[in-house]
Amino acid sequence: MALLPLSPDGLATKLKQLYKLHTPDRELLADVIIDDFKGFITDNFLLSIEEKTYLHRLDSITSSYLASQFAMCIKHKLPIEVKEMVPPTDIGYRLRIIFSNQILISTFNNCDMIEAEGKLRITSCYTYDN
């Protein structure tokens, strides 16, 4: 399967593919994402040099947090949105990606089953190095 860009259309296409999986398969994929978030992203998306650099520089705490958010979305078929900013044409900028979630997790029944609702939003912006 060809890699898709980490863009609104690329992510939407990838999510359609993943959300067709049966629940046990999505749960296994969620575990894979938690175990290797960076590997999941690089294995499934065609990244720009800036995106690769950003991903490589993520510290373990941020990477673990993002892994848990992506995994929760995949497991429960929650939307993940990407808002793309056009990179500046001159030099001296670096990519900054902002993640915001609106995921509500609750338990129900006596079985302590987890139910989640909401979405994850990914916004890329660019800052200039001074």
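Listed by first and then second residue, the pairs with beta-carbon distance under 8 Å, at least 6 apart or on different chains, first residue in segment 27-44 and more than 19 Å from ASP59 (Cα to Cα), second not in a helix (DSSP H, G or I), are LEU29/LEU21; ASN44/LEU3; ASN44/LEU4. Filtering segment 41-74 to residues that are of a type in the set (Gly, Ala, Ser) and within 13 Å of the chain's Cα centre (by Cα) leaves SER63, SER64, ALA67, SER68, ALA71.
Does LEU66 satisfy the condition of being surrounded by 15 or more Cβ atoms within 10 Å (Cβ to Cβ) and free of Cβ contacts under 8 Å to residues at least 40 places away in the same chain? Spelling it out, LEU66 is indeed surrounded by 15 or more Cβ atoms within 10 Å (Cβ to Cβ) and free of Cβ contacts under 8 Å to residues at least 40 places away in the same chain. Could you say whether any residue in segment 33-43 is open to solvent by less than 20 Å² (accessible area, probe 1.4 Å), closer than 14 Å to LYS14 by Cβ, of a type in the set (Phe, Trp, Tyr) and touching a Gly at 6+ places or on another chain (Cβ under 9 Å)? Looking through segment 33-43, none of the residues is open to solvent by less than 20 Å² (accessible area, probe 1.4 Å), closer than 14 Å to LYS14 by Cβ, of a type in the set (Phe, Trp, Tyr) and touching a Gly at 6+ places or on another chain (Cβ under 9 Å). Among the residues of segment 5-26, those identified as surrounded by 14 or more Cβ atoms within 10 Å (Cβ to Cβ) and charged (D, E, K, R) are LYS14, ARG26.
Whether any residue in segment 15-27 is at pLDDT 90 or above and either touching a His at 6+ places or on another chain (Cβ under 6 Å) or among the polar types (S, T, N, Q) (or both) is what I want to check. Within segment 15-27, one or more residues are at pLDDT 90 or above and either touching a His at 6+ places or on another chain (Cβ under 6 Å) or among the polar types (S, T, N, Q) (or both). Name the residues in segment 4-50 that are β-branched (Val, Ile, Thr) and within 23 Å of ARG121 (Cβ to Cβ), would you? Result: THR13, VAL32, ILE33, ILE34, ILE41, THR42.
The values are calculated or read from the model by the stated rules, or taken from the named source; none is laboratory data. Computed from a predicted structure; not experimentally measured. So basically every Cβ, Gly included, is an ideal-geometry build from the backbone, and we count neighbours across all protein chains shown. Remember, those area values only see protein heavy atoms, side chains included, never the ligands or the DNA or RNA. Shrake-Rupley method; radii C 1.70, N 1.55, O 1.52, S 1.80 Å.
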